[in-house]
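Visitor: Got a structure for you, written out below as structure tokens; questions coming shortly.
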Amino acid sequence: MIEMAAIDARGLQKTYGTGDAAVTALRGVDLTARYGEMVALVGPSGCGKTTLISILAGLLSRDGGMLQLAGVDPDALSNHDRTLWRRHNIGFVFQQFNLIPQISVVENVAIPLLLRGDSRNSSIERAAAMLQRMGLQGREYSRSDKLSGGQQQRVAMARSLVHEPRILVCDEPTSALDGATGQRVMELVREQGCREDRLVVIVTHDDRIFHFADRIVHMDDGRVTRVTDAQVEIAALRAAFAAEKDSA
Ligand SMILES: Nc1ncnc2c1ncn2[C@@H]1O[C@H](COP(=O)(O)OP(=O)(O)OP(=O)(O)O)[C@@H](O)[C@H]1O
Ligand SMILES: [Mg+2]
């Protein structure tokens, strides 16, 4: 059997707006990823990271190029079918969390389960268990806008993992977390998200969490410029750090 790639993207292009206001965010991005791995996406602000992962999560349509996600081209589906497909296969953590402030934390986390038709009781129960694993027990019935930034970020992570998506896409998932909490959350993401039939793509500036990744994809100005092995990259970072300390 030929193993299907989890992500197979070739020449992805995306431009926002038209005419003088047009901004080209992706200029032909190639990316493949296997099940069981975690890919970290890095690059300067504005280089197209959020645009790329929004396309990889089926949330945004591309203008050009080809894409297969778990064997499916999301743009070939009707809006209705794409929404259903996303609900079953994709978890997404937004850079701005996108929690619903009017409802409780546990209800926010239960949304993916309720949307796919699980009963209310079992959804709430599973959501509460995921919150506990994120270290948020006792906050289940708070409103999400009453939580700290780091707590909200963990609620968003819990919501993205609760339905065990095949493809989990996270935009800066540790940006609001202290070092120890970031490590705990990433351990959970690695354990839950990188099983043999799953994949995690994570945008990050946080080199403290590089070691959770298998590969690091570098982007600049709408293109992938380099793909490195995460362990090799970490060794290079350590060497650069040591050299800097020596010369100081
Ligand atoms: N909805 C939009 N409308 C118009 N331009 C946009 C839109 N979203 C992004 N852009 C532009 O596309 C380019 C890529 O943006 P994107 O958000 O993908 O970058 P990023 O790498 O995620 O940056 P950051 O690290 O700051 O989050 C930027 O020039 C940005 O201004
Ligand atoms: Mg971004």
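Visitor: Any residue at all in segment 56-73 that is assigned to a helix (DSSP H, G or I), out of contact with any Ser or Thr (no Cβ under 7 Å at 6 or more places or on another chain) and within 16 Å of ligand 1 (Cβ to nearest atom)?
Guide: Yes, segment 56-73 has at least one match.
Visitor: For residues that are loosely packed, with under 15 Cβ neighbours inside 10 Å and part of a loop (DSSP other than H, G, I, E, B), scanning just segment 1-33, find the one that is farthest from ligand 2 (Cβ to nearest atom).
Guide: Only one residue tops the list, namely Met1.
Visitor: How many residues does segment 46-66 contain that are over 13 Å from Gly91 (Cα atoms), within 13 Å of ligand 2 (Cβ to nearest atom) and not aliphatic (A, V, I, L, M)?
Guide: Going through segment 46-66 one residue at a time, the tally reaches 6.
Each row is one residue, and each column tells you yes or no for (1) modelled with pLDDT of 95 or more; (2) more than 20 Å from Ile209 (Cβ to Cβ); (3) in contact with a Gly (Cβ under 8 Å, 6 or more places away or on another chain); (4) charged (D, E, K, R).
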site: Ala6; (1), (2), (3), (4): no, yes, no, no
site: Thr15; (1), (2), (3), (4): yes, yes, no, no
site: Thr18; (1), (2), (3), (4): no, yes, no, no
site: Gly28; (1), (2), (3), (4): yes, yes, yes, no
site: Ala40; (1), (2), (3), (4): yes, no, no, no
site: Gly46; (1), (2), (3), (4): yes, yes, no, no
site: Lys49; (1), (2), (3), (4): yes, no, yes, yes
site: Arg62; (1), (2), (3), (4): yes, yes, no, yes
site: Leu67; (1), (2), (3), (4): yes, yes, no, no
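Visitor: Also, I was wondering about something else. Checking Gly65 against (1) under 26 Å from Gln192 (Cβ atoms); (2) out of contact with any helix residue (DSSP H, G or I) (no Cβ under 8 Å at 6 or more places or on another chain); (3) surrounded by 15 or more Cβ atoms within 10 Å (Cβ to Cβ), which test does it fail?
Guide: (1)
Visitor: Is it the case that segment 81-93 has a residue that's part of a strand (DSSP E or B) and away from ligand 2 (no atom under 16 Å from the Cβ)?
Guide: yes
Visitor: Out of the residues in segment 198-213 meeting the condition of being assigned to a loop (DSSP other than H, G, I, E, B) and of a type in the set (D, E, K, R), tell me which one is surrounded by the fewest Cβ atoms within 10 Å (Cβ to Cβ).
Guide: Asp206
Visitor: Follow-up. Could you check, for segment 220-236, whether at least one of its residues is acidic (Asp, Glu), touching a Phe, Trp or Tyr at 6+ places or on another chain (Cβ under 9 Å) and surrounded by fewer than 19 Cβ atoms within 10 Å (Cβ to Cβ)?
Guide: Checked against the condition, which is being acidic (Asp, Glu), touching a Phe, Trp or Tyr at 6+ places or on another chain (Cβ under 9 Å) and surrounded by fewer than 19 Cβ atoms within 10 Å (Cβ to Cβ), segment 220-236 yields no hits at all.
Visitor: For segment 170-222, how many residues meet the condition of being under 15 Å from Leu52 (Cβ atoms) and not acidic (Asp, Glu)?
Guide: Of the residues in that region, 13 qualify.
Visitor: When only residues in segment 34-45 that are assigned to a loop (DSSP other than H, G, I, E, B) and within 13 Å of ligand 2 (Cβ to nearest atom) count, which is surrounded by the most Cβ atoms within 10 Å (Cβ to Cβ)? Walk me through it before giving the result.
Guide: Taking segment 34-45 as the starting set, the residues that turn out to be assigned to a loop (DSSP other than H, G, I, E, B) are 34-37, 43-45.
Still in the list and also within 13 Å of ligand 2 (Cβ to nearest atom): 43-45.
Details: Gly43: 21, Pro44: 12, Ser45: 7.
Among residues in segment 34-45 that are assigned to a loop (DSSP other than H, G, I, E, B) and within 13 Å of ligand 2 (Cβ to nearest atom), the one surrounded by the most Cβ atoms within 10 Å (Cβ to Cβ) is Gly43.
Visitor: Same structure again: Which is within 25 Å of Ala180 (Cβ to Cβ), hydrophobic (A, V, I, L, M, F, W, C) and in contact (Cβ under 8 Å) with a residue 60 or more places away in the chain, of Ala230, Ala240, Ala235?
Guide: Ala230
Visitor: OK, next. Mind listing just one residue for me: the one in segment 155-186 that is more than 16 Å from ligand 2 (Cβ to nearest atom) and charged (D, E, K, R) and, of those, surrounded by the most Cβ atoms within 10 Å (Cβ to Cβ)?
Guide: Arg159
Visitor: Right, something else. Give all pairs with beta carbons closer than 7 Å in which a residue from segment 40-61 that is more than 16 Å from Arg86 (Cα to Cα) and among the aliphatic types (A, V, I, L, M) meets a residue that is more than 11 Å from ligand 2 (Cβ to nearest atom) and in a loop (DSSP other than H, G, I, E, B); count only pairs at least 6 apart in sequence or on separate chains.
Guide: What qualifies is Ala40/Ala213.
Visitor: Being assigned to a strand (DSSP E or B) and of a type in the set (A, V, I, L, M): is that true of Ile216 here? Before you say what the answer is, go through the steps one by one.
Guide: Details: assigned to a strand (DSSP E or B): yes; of a type in the set (A, V, I, L, M): yes.
Yes.
The values are calculated or read from the model by the stated rules, or taken from the named source; none is laboratory data. In this text the structure is predicted, and so the values were computed from the model without any measurement. In this analysis, Cβ positions are derived from the backbone assuming ideal geometry, glycine residues included, and neighbour counts consider all displayed protein chains.
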